[in-house]
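What follows is a structure written as structure tokens; I'll ask about it next.
What follows is calculated from the coordinates using simple rules that are stated; it is not laboratory data. In this text, all values refer to a predicted model and were calculated from it rather than measured experimentally. Cβ: placed from backbone, ideal geometry, glycine included. Neighbour counts: every protein chain shown.
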There are 2 protein chains.
Amino acid sequence: MVDTKENIREKIITVADDLFYRNGYVQTSFSTISEAVGISRGNFYYHFKTKDEILDAVINRRMGNVQRMLDQWETEGKKPEDRIRCFINILLMNKVKIKQFGCPIGTLSTELVKLEHESQEEANKLFTLIRGWLRDQFIALGKKKEADELAMHLLARSQGIATLANAFHDEKFIKNEVKQMNEWLESTIKKQ
Amino acid sequence: MVDTKENIREKIITVADDLFYRNGYVQTSFSTISEAVGISRGNFYYHFKTKDEILDAVINRRMGNVQRMLDQWETEGKKPEDRIRCFINILLMNKVKIKQFGCPIGTLSTELVKLEHESQEEANKLFTLIRGWLRDQFIALGKKKEADELAMHLLARSQGIATLANAFHDEKFIKNEVKQMNEWLESTIKKQ
DNA sequence: GTCTATATTAAGATAGAC
DNA sequence: GTCTATCTTAATATAGAC
């Protein structure tokens, strides 16, 4: 791939995304990113004027990734319950990284709240995107009235699992809880 | 109260505890703490040589607070299920602060993991203390085999609720989920 | 035991040569 | 478009006067 301006910009965002996830936003300095990308710190400012700008670009990138993931689940899962199962199983798919670094959405949100960062709401859109998609699946299951509540419940369960799996560096716990979440889904669908 | 060396040390720990909770560990500087305590930055180093030392003192303080809380629940709740309900209800008791700053134990743990901080394990003892206590309650309920699993499940649910309530700044969500957790407890006790 | 002054380091950010 | 050099600020931490 040729090193056009756009390509380098993309590379910076990819690297920053990963570093923000592994080490947190505050801990990730311009030096760290530019070193990982392989350009000088000075050159860096040609592409991004402030650290906040990189953050917004990273959030934007993650929004795209989440949207693509949801689109894929729409194709993969024929029935809404299958699609919800795709969401639940992502904890299993990413269990190694979750054990090491937690949930990328949850840990970023937690960090930005403490920073009182102005991009808090922007980062929350990642949660909102998934929440709305889950809600749509529950509506398709005929749970229109409780759809949003059920969506939030699943989101919260996932966040809690990620937080504890990360704290205790415990993969087995994820497997166990995913199983229980699937059982919860079964019994919720059957109700009424 | 007289300003003995011990008293000032205690005051520093109390102030640091609060600031770590509200703004995070990294964000809280010596200046911020000393200013809040009302002593000069230079004097500060007479009481604590490094920031890590303050962190350990804060974790230690929190350990004491959690232990006292568990002791109180032992007195308050006659039956183990009542004691577990004390744990569940703490989300409601602290709902305003959780909405604003999340769970003090969970957010510290998340931050220390990203920092790769050496006190990670020390901070995890806060989780472990509650986990063990919950496990004891489930054992008293005759659930010896699944006791630890049930304890972790409750811990994870609480963490997830705190994370999302914090992200969305939503108190109502806490109320809703606490109700569901109590219902889950009822049906879990009844099983078998 | 508390203060002021200062050393040191690293961060975000800019200027200007090439 | 990329670099080196530099500015500015703020943090941890220390030295030494009182």
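Could you work out [θ]222 nm for the protein assembly as shown from helices alone, using -39500 (n - 2.57) per DSSP H run of at least four and dividing by all its residues? Round to the nearest 500 deg cm²/dmol.
On the way: 20 runs with 312 residues, N = 384.
The per-residue figure over the protein assembly as shown is -27000 deg cm²/dmol.
Test of understanding: in a Gaussian network model of chain B with alpha carbons linked when under 10 Å, which of B:Ile174, B:Ile88, B:Ile39 would top the mean-square fluctuation ranking?
Judging by the Gaussian network model, the answer is B:Ile39.
Which links in A:Lys175/B:Lys99; B:Lys49/B:Lys114; B:Lys78/B:Lys190; B:Lys11/B:Lys51 stretch past 26 Å when you go from one Cα to the other?
Numbers: A:Lys175/B:Lys99 29 Å; B:Lys49/B:Lys114 23 Å; B:Lys78/B:Lys190 18 Å; B:Lys11/B:Lys51 15 Å.
From A:Lys175/B:Lys99; B:Lys49/B:Lys114; B:Lys78/B:Lys190; B:Lys11/B:Lys51, over 26 Å: A:Lys175/B:Lys99.
Using a Gaussian network for chain A with springs between C-alpha atoms less than 10 Å apart, which of these wobbles most: A:Ile59, A:Ile130, A:Ile139?
Result for chain A, Cα springs under 10 Å: A:Ile139 fluctuates most.
Let me ask you something else. In whole Å, how far is the Cα centre of segment A:106-185 from that of segment B:1-79?
32 Å
Compute the longest continuous run of chain B that contains no exposed trypsin sites (Lys or Arg not before Pro); treat a site as exposed when its DSSP state is not H, G, I, E or B and it has at most 11 other Cβ atoms within 10 Å.
B:79-143
Same structure again: Need one number: convex hull volume per residue for the protein assembly as shown, Cα atoms only, in Å³.
On the way: hull volume 59.8 nm³, N = 384.
Measuring per residue, one finds 156 Å³ for the Cα hull of the protein assembly as shown.
Then there is this: Report, in debye and to the nearest 20, how large the dipole of segment A:1-49 comes out about its Cα centre when Lys and Arg carry +1 and Asp and Glu carry -1 on their Cβ. Walk me through the numbers before you get to the answer.
Values: 6 positive and 6 negative charges, 34 e Å.
The calculation lands at about 160 debye.
Near A:Lys143, which aspartates and glutamates are there with a Cα under 13 Å away, not counting those fewer than 8 places off in the same chain?
Filter leaves A:Glu81.
Now for a separate question. In the calculated pair distance distribution of segment A:22-110, what percentage of Cα-Cα distances lie above 20 Å?
51 percent
Where does the Debye-calculated log10 I(q)/I(0) of chain B sit at q = 0.08, 0.14 Å⁻¹, using only Cα point scatterers of equal weight, no solvent?
Rounded to two decimals, the profile gives -0.31, -0.86.
Test of understanding: in a Gaussian network model of chain B with alpha carbons linked when under 10 Å, which of B:Met63, B:Met93, B:Met181 would top the mean-square fluctuation ranking?
It is B:Met93.
Once the other residues with Cβ under 13 Å from the Cβ of B:Trp73 are scored (Lys, Arg +1; Asp, Glu -1), what is the net sum?
Values: positive: B:Arg68, B:Lys78, B:Lys79, B:Arg83, B:Arg85; negative: B:Asp71, B:Glu74, B:Glu76, B:Glu81, B:Asp82, B:Asp136.
Neighbourhood net charge equals -1.
All other residues with a Cβ under 11 Å from the Cβ of B:Lys114 taken together, and with Lys, Arg as +1 and Asp, Glu as -1, what is their net charge?
It works out to a net charge of -2.
Here's a follow-up. What Kirkwood radius, in Å to one decimal, follows from the Cα pairs of segment A:1-49?
10.9 Å
Same structure, new question: Identify, among A:Ile90, A:Thr75, A:Phe48, the residue whose Cα sits farthest towards the positive end of the charge dipole of segment A:1-105, taking +1 on the Cβ of Lys and Arg and -1 on the Cβ of Asp and Glu, with the dipole about the Cα centre.
In segment A:1-105, that residue is A:Ile90.
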